[in-house]
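All of the numbers you see were taken from the coordinates with simple rules; none came from a lab. Note that this is a predicted model, so its numbers are computed, not measured. Cβ atoms come from the backbone with ideal geometry, glycine included; neighbour counts cover every protein chain shown.
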Amino acid sequence: QALRQISQRTISTASRRQIENRVPEHQKLFQEDNGLPVHLKGGAKDALLYRTTVVLTTFGTVYAIYHLIVSSMPKK
């Protein structure tokens, strides 16, 4: 009985909040033909995330190749 009241209360209070639908705004932004690739259309935050990903991926690849080369050398 108490569990049912709690679940009904959380469901009913969640439906009272009015959340603005911003999907049409984002659709216009991402469908706009401005010459940018879709992964950079979000602005400066997307550019920063992209560059961070590229740097980390490059560093990880170089680091892995370095350790493969070191481990393939015979120890003296």
Legend entry - Where a label projected 7 Å from the Cα of Ile69 along Cα→Cβ would reach, residues of region 42-63 with amide N under 11 Å: 62-63
Inset, instruction - Quote the FRET efficiency, to the nearest 0.05, computed for Val38 versus Val62 with a Förster distance R0 of 22 Å and r equal to the Cβ-Cβ distance. - result: 0.20
Inset, instruction - Using a cut-off of 13 Å between beta-carbons, work out the net charge of the residues near Asn34 (Lys and Arg +1, Asp and Glu -1, Asn34 not included). - result: 0
Inset, instruction - DSSP loop (so not H, G, I, E, B), at most 13 other Cβ within 10 Å: list which GluC sites (Glu not before Pro) in region 20-76 pass both filters. - result: Glu20, Glu32
